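Visitor: Could you have a look at this structure, given as structure tokens, before my questions?
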Amino acid sequence: MNISKAARKALIPIEREISKQPVEHLYLLNKTGKILSKAIGTAKNVNILLVPPDSFIATHNHPSGSRSLSPIDIYGAIYWNLREIRAVTKKELCHLAEIPKLDIDKKNKCLSITEKYIILSKCGKDWNLSLYRKMRKELKKSGGLKFRTIKLSKTEAPSIKFNVFSKLWNKLLSKF
Ligand SMILES: [Zn+2]
């Protein structure tokens, strides 16, 4: 497991919210779960122009309900030295890749593997689970990347609940 308990907690409300959105939203978080950057894209993609150097985790949603991360997702995560990339769907699934710290050789090897699958997925061949499986196998072998699909957590962190509640409370009070 790459990410801290605090980061994992911070991801819960973000991913629950973005999983319902009709367009892609991307969040970059640091090691402790602090949000560093946020971007909103279209139904099919999202771009981020600036990746702060202490970015550790990227999470975003796939409104199309894809059954995997895309090779571009993984390429970006490796390129920017992220340690975890996650994509959530409307069905509240989260596809994730855990990326170990890669030395420059391993990083380049993994980037070129991912590039190959980006090209394959754009050459008329649809991105499908069998290609995903092959790519995962190669990335695991060359860089030790780990892939998983998990169900989004239903429970909200208590501190977040409190925040939501106090916001509501302030709203109510402001009416008087
Ligand atoms: Zn994606």
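The values are calculated or read from the model by the stated rules, or taken from the named source; none is laboratory data. A quick note: this is a predicted structure, and the numbers were derived from the prediction, not measured. Quick reminder, even Gly has a Cβ in these numbers, built from the backbone with ideal geometry, and neighbours come from all protein chains shown.
Visitor: May I ask you to say which residue of ALA77, ALA7 is small (Gly, Ala, Ser), touching a residue at least 12 places away in the same chain (Cβ under 8 Å), within 26 Å of LYS134 (Cβ to Cβ) and surrounded by 15 or more Cβ atoms within 10 Å (Cβ to Cβ)?
Guide: When all the criteria are applied, what remains is ALA77.
Visitor: Condition first: surrounded by fewer than 20 Cβ atoms within 10 Å (Cβ to Cβ), under 14 Å from GLY143 (Cβ atoms) and of a type in the set (A, V, I, L, M, F, W, C). Can you find one or more residues in segment 20-35 that meet it?
Guide: Looking through segment 20-35, none of the residues is surrounded by fewer than 20 Cβ atoms within 10 Å (Cβ to Cβ), under 14 Å from GLY143 (Cβ atoms) and of a type in the set (A, V, I, L, M, F, W, C).
Visitor: Step by step: first the residues of segment 140-169, then only those that are of a type in the set (Lys, Arg) and under 19 Å from GLU17 (Cα atoms), then the one that is modelled with the highest pLDDT. Which residue is that?
Guide: Taking the candidates together, the pick is LYS151.
Visitor: Is it the case that some residue within segment 37-55 is within 24 Å of LYS154 (Cβ to Cβ) and over 10 Å from the mean Cα position of the chain (by Cα)?
Guide: Scanning segment 37-55 turns up at least one residue that is within 24 Å of LYS154 (Cβ to Cβ) and over 10 Å from the mean Cα position of the chain (by Cα).
Visitor: Conditions first: (1) part of a loop (DSSP other than H, G, I, E, B); (2) in contact with a strand residue (DSSP E or B) (Cβ under 8 Å, 6 or more places away or on another chain); (3) surrounded by fewer than 18 Cβ atoms within 10 Å (Cβ to Cβ). LYS140 passes all but one, so which condition is the exception?
Guide: With (1) part of a loop (DSSP other than H, G, I, E, B); (2) in contact with a strand residue (DSSP E or B) (Cβ under 8 Å, 6 or more places away or on another chain); (3) surrounded by fewer than 18 Cβ atoms within 10 Å (Cβ to Cβ) applied to LYS140, the lone miss is (1).
Visitor: Looking at segment 9-59, which of its residues are under 23 Å from SER70 (Cβ atoms) and charged (D, E, K, R)?
Guide: Across segment 9-59, the qualifying residues are GLU15, ARG16, GLU17, LYS20, GLU24, LYS38, LYS44.
Visitor: Give the residue, chosen from LYS109, LYS91, LYS101, that is of a type outside the set (A, V, I, L, M), farther than 21 Å from HIS25 by Cβ and loosely packed, with under 14 Cβ neighbours inside 10 Å.
Guide: None of the other options fit; the residue is LYS101.
Visitor: For segment 59-97, which positions are assigned to a strand (DSSP E or B) and within 9 Å of the ligand (Cβ to nearest atom)?
Guide: HIS60, ASN61, ILE85, ALA87, HIS95
Visitor: Would you be able to say whether some residue in segment 26-33 is over 20 Å from LEU93 (Cβ atoms), assigned to a loop (DSSP other than H, G, I, E, B) and in contact (Cβ under 8 Å) with a residue 40 or more places away in the chain?
Guide: Looking through segment 26-33, none of the residues is over 20 Å from LEU93 (Cβ atoms), assigned to a loop (DSSP other than H, G, I, E, B) and in contact (Cβ under 8 Å) with a residue 40 or more places away in the chain.
Visitor: I want to confirm something. Restricting to segment 41-58 and keeping residues that are within 16 Å of the ligand (Cβ to nearest atom), of a type outside the set (Gly, Ala, Ser) and surrounded by 13 or more Cβ atoms within 10 Å (Cβ to Cβ), which single residue is farthest from ALA7 (Cα to Cα)?
Guide: Out of the qualifying residues, it is ASN45.
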